[in-house]
Amino acid sequence: MRELFTEEMNKISGDLDTMAAAVKAAIDGAGKALLDADIDAAQSVIDSDIKIDALEASIIDQCLEMLARQTPVATDLRVVVSTLRIASTFERMGDLARHIAEIARRAYPESAVNPAIRDCFQKMQDFDSHTADELIQILKNHNEDQAVKLIEKDSQLDDLHTKTFGIVNADSWNGTKQQTIDAVLIARFYERIGDHAVGVARRIVFIVSGFDPSKDPTPVLAGGLDE
């Protein structure tokens with residue numbers, strides 16, 4: 001039974017790695033669509049979202065089957081339940097990338113990005129793309145230290161999110177109503193991608209150590225596992 005569990009869990013882990021790579025590609029494609037007004041990149045992200053959804057559904061089905069047939073306990077149960085939650089979180093990250101791509105597609109051939117806020121969005125895009133890369137590595141290596149460092153960096157994205165509102169609210173802001181709406185939405189989408197990445201990192205810490213980072217009293221790790 002132990003060998004069967006390990007074999008099935010390796011299959012699920014492989015699917016989760018594939019899902020993480022697909023989410024990374026969606027984030028990168030959304031950034032290209034938004035910042036370069038690339039309609040092909042936008043459509044590719046939108047079309048590819050179905051793959052991420054299908055991977056989530058497959059992982060959930062496999063995990064539920066394992067829970068029903070093998071009734072895992074202790075560490076094994078922690079791994080299966082956390083994998084379920086990570087798959088759902090990745091699906092939400094893919095949806096957020098798709099939302100950014102949809103805004104870019106709607107604005108085409110114009111850019112959805114007012115020049116005054118472009119630098120902020122470039123930095124948010126770079127942050128989320130790098131974070132997605134880190135998640136791929138953390139998933140493969142189950143590196144708890146790297147996961148904690150990712151959690152600690154989340155405030156950088158929060159600061160950029162706050163900065164975008166300062167730009168939009170400034171007297172010097174000359175964006176159209178649509179650009180204002182898009183700026184607020186895009187900033188929120190980028191910020192939520194980062195939040196979900198933190199949720200995945202917390203789950204990985206939980207898998208490795210059984211420690212729930214959300215219960216740490218320090219401000220860095222405060223908050224729920226799935227904010």
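Derivation of every value follows stated rules applied to the coordinates shown; laboratory data play no part. Because the structure is predicted, anything quoted here is derived from the model rather than measured. Here Cβ is always computed from backbone atoms with ideal geometry, including for glycine, and neighbour counts include all displayed protein chains.
Key figures for this structure:
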quantity	calculated
Estimated inter-spin distance, residue 77 and residue 156, nm [label 7 Å along Cα→Cβ]	3.8 nm
Rounded to 10°, Cα long-axis angle of helix 177-209 versus longest principal axis of the chain	20 degrees
Magnitude of the charge dipole, the chain, Cβ model with Lys/Arg +1 and Asp/Glu -1, debye to 20	220 debye
Full-stretch length increase - residue 119, residue 13 - with 0.36 nm per residue and alpha-carbon distance subtracted	34.5 nm
Residues of type aspartates and glutamates that residue 32 reaches as a straight line, Cα spacing below 19 Å, ignoring anything fewer than 8 places off in the same chain	40, 47, 49, 95, 102, 110, 119, 126, 128, 133, 182, 191
Förster-model FRET efficiency, 30 Å R0, residue 6 and residue 184, C-beta, rounded to 0.05	0.05
Length gained when the stretch residue 67-residue 172 is fully extended (0.36 nm per residue, less Cα-Cα span)	32.1 nm
Top positive-direction residue, dipole computed over the chain with Cβ charges, set 196, 131, 44	196
